[in-house]
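The values are calculated or read from the model by the stated rules, or taken from the named source; none is laboratory data. None of these values were measured; they are calculated from a predicted model. Reconstructed Cβ throughout: ideal geometry from the backbone, glycine too, with neighbour counts over all protein chains shown. Quick note on the areas: whole protein, heavy atoms, side chains included, nothing else; ligands and nucleic acids left out. Shrake-Rupley method; radii C 1.70, N 1.55, O 1.52, S 1.80 Å.
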Amino acid sequence: MSTNILLLCGGDGAEHDISLLSASFIEEQLNKTEDFYVLKAVIHNNQFLVEDKPGYFDNNKTFVFDNHKFDVDCVVPCIHGVPGETGDIQSFLEILNIPYIGCRSQASRYCFDKNTTKLHLDSLGIPNSPYKIIPLPNEQYKQIALEFFDKYKDIYVKAASQGSSVGCYHVTKRDDVWDSIIEAFSYSTEVVIEKNIVHRELEVAAYEIDGELKISKPGEIIIPSNKFYTYDEKYSQDSGTTTTVEPEGLTDEEIHTIQNLARRAFVGLKLRDLSRIDFFLSKEDGILINEINTFPGATPISMFPKMLEHNGDKMDVFLAKAVYHAIKEHEKGENK
């Protein structure tokens, strides 16, 4: 008997196309498990589309499309940004009582919002870059922003609820601070400003297999000195950015510290199944968590699958075990 998996991808946010690329890889990996039958549905214009034909969930938790009924055993929500990493699709699936892999709705929502991420990291005693939250575009917070700039002289302005560096601006002139904040507000209802950290950018894959939380050794994103890691720089074929799963010059103590902080963040923020946790390594500021991705990219250049494989695991095996675990936990819940 086959296990029916609904692979959701796309979304109507800025990362729609990247989600489709990731979903192609995820689908390929899922299909390596013989008893999996995978149906892919693209979320676009507030619809679930299977080969451009709209589908819907009926009262029996069955996905219906083009007069076909697909009994869903588990959902794989391969959606970067809205509505996946925002927690919306997870809440939807929880209401329908359908099992899914990945972080639950609350953890997804907390980690997607840069402000709530930072507040949680602070409460857990996990270092992150100096910041100020700008919740409203008014004169009071304009003065707070300008005072923050006067202290550090070099800052980033970021839309709080966006991924892949969307709505993010490097500011080195005082006259540009407020204009950049207003621009960031066009992408999000809140903004965060951060001290620019001169750093190496390191990442780990944090994932669960057979009940064990595994933290990979760090990989590194090597960005040209004249570039900022924008959405285009991340995904363009002309990108000058390179990656490696064997960074040079890291001490054992630095690797241990990064892995320990990643573990504390994964547990403290109640993540599940998978995440990519990004770090800054700075001579001045030490080791800082930059952000947490609750459904990391799986494109040909993405780090999560590379680091997982470098850590001795197989992506297809990881996904299969996550699916089986989600179904088992769901069955336990129904039988309580």
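Applying 1/(1 + (r/R0)^6) with R0 = 51 Å to the Cβ-Cβ distance of SER123 and LYS53, what FRET efficiency is obtained, to the nearest 0.05? Here the calculated transfer efficiency is 0.65.
For region 41-178, the relative contact order comes to 13 percent (Cα pairs under 8 Å, sequence separation of at least 6). Calculated accessible area for the chain comes out at 48 Å² per residue, all protein chains present (probe 1.4 Å; ligands, DNA, RNA ignored). Here the calculated FRET efficiency for ASP210 and LYS61, from their Cβ-Cβ distance with R0 = 35 Å, stands at 0.80, rounded to the nearest 0.05. You can think of it this way: the chain between THR172 and LYS151 has 6.4 nm of extra reach, that is 0.36 nm per residue less the Cα-Cα gap.
Split the accessible area of region 1-49 by element, probe 1.4 Å, and carbon with sulfur accounts for 48%. Distance from the C-alpha centroid of region 141-169 to that of region 68-104: 32 Å, rounded to the whole angstrom. Near ILE43, the amide H atoms lying under 5 Å from its own belong to CYS9, GLY10, GLY11, LEU49; only residues 5 or more places off or on other chains count, and H is placed 1.01 Å from N. For region 76-231, the fraction of 1.4 Å probe accessible surface lying on carbon and sulfur atoms is 50 percent.
Given LYS195/LYS314; LYS142/LYS217; LYS114/LYS214; LYS132/LYS314; LYS153/LYS306; LYS40/LYS118, which pairs have Cα atoms separated by over 29 Å? The answer is LYS195/LYS314; LYS142/LYS217; LYS132/LYS314; LYS153/LYS306; LYS40/LYS118.
Put a dot 7 Å past the Cα of ASP316, heading toward its Cβ, do the same for LYS69, and the two dots end up 3.2 nm apart.
When every alpha-carbon pair in the chain is counted, what percent end up more than 30 Å apart? It would help to have the intermediate numbers written out before the result.
Working: 20084 of 56280 pairs.
When every Cα pair of the chain is considered, 36 percent fall beyond 30 Å.
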